[in-house]
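These notes are about the structure you will find just below.
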Amino acid sequence: MTTRNHHYAGITDFECKVFKAVKDGRADAKLFYNDYNHESAAGWMSNKSDAVFNFVSGLKAQGSDCPIDGVGFQMHIDVKNFNDAMVTGLRTNIQRYAGIGVEVHFTEVDVKNSDFTGDAYFSEACARNTKLERDIIPPALTLAMMVIGNLFYDVEWYYTIPVAYGLW
């Protein structure tokens, strides 16, 4: 999947060879496939989500010949696009990775609100971010092993406010 358009495309099982070499050199290393726009199995992410899941499950099925431990979700969310169906799709996706014994890590989480303007912008943006945070994080923690790398509220792409969620 990842090597199709790359100069490593001619190497059979490139990903597995790299993972195996790392694991042979450092047995305690956790090996992940990390990508963006595949965290929800619903909506506009569903095609990539299915492709990444099939890729990772294919690697996992090879056992010790292809030692993959997890998948990373780089979640760059805009609350106007990430509705309740997308949250349900996220839960479904986490569950299917747990079903094949693959850890899920949220390697990046930022939440953008692109549809608010004016004086109400900040309060509305924070209210929607908080709802999304409550919809995503607690269920994810109960569904599978998950680590959150960074969580940010993006008021604007260039103006980021870190969030202290209390999980660290």
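Annotations for the structure displayed:
- Looking across region 45-74, just one residue is among the aliphatic types (A, V, I, L, M) and in a strand (DSSP E or B), and that is V71.
- Note on region 76-88: among residues that are of a type outside the set (D, E, K, R) and more than 15 Å from the chain's Cα centre (by Cα), the one that is modelled with the highest pLDDT is A85.
- Taken over region 51-75, the criterion of being within 20 Å of V22 (Cβ to Cβ), within 15 Å of the chain's Cα centre (by Cα) and not aliphatic (A, V, I, L, M) is satisfied by F55, D69, G70, G72.
- Residue in region 131-143 that is within 13 Å of the chain's Cα centre (by Cα) and either buried (at least 18 other Cβ atoms within 10 Å of the Cβ) or modelled with pLDDT of 75 or more (or both) present: yes
- Complete set of residues in region 88-105 that are among the aliphatic types (A, V, I, L, M), surrounded by fewer than 20 Cβ atoms within 10 Å (Cβ to Cβ) and assigned to a helix (DSSP H, G or I): A98
- Test: A98 is modelled with pLDDT of 70 or more and farther than 30 Å from S57 by Cα: no
The values are calculated or read from the model by the stated rules, or taken from the named source; none is laboratory data. Just so it is clear, the model here is predicted, and its values are computed rather than measured. Ideal geometry is used to build each Cβ from the backbone, glycine not excepted, and the neighbour counts take in all protein chains shown.
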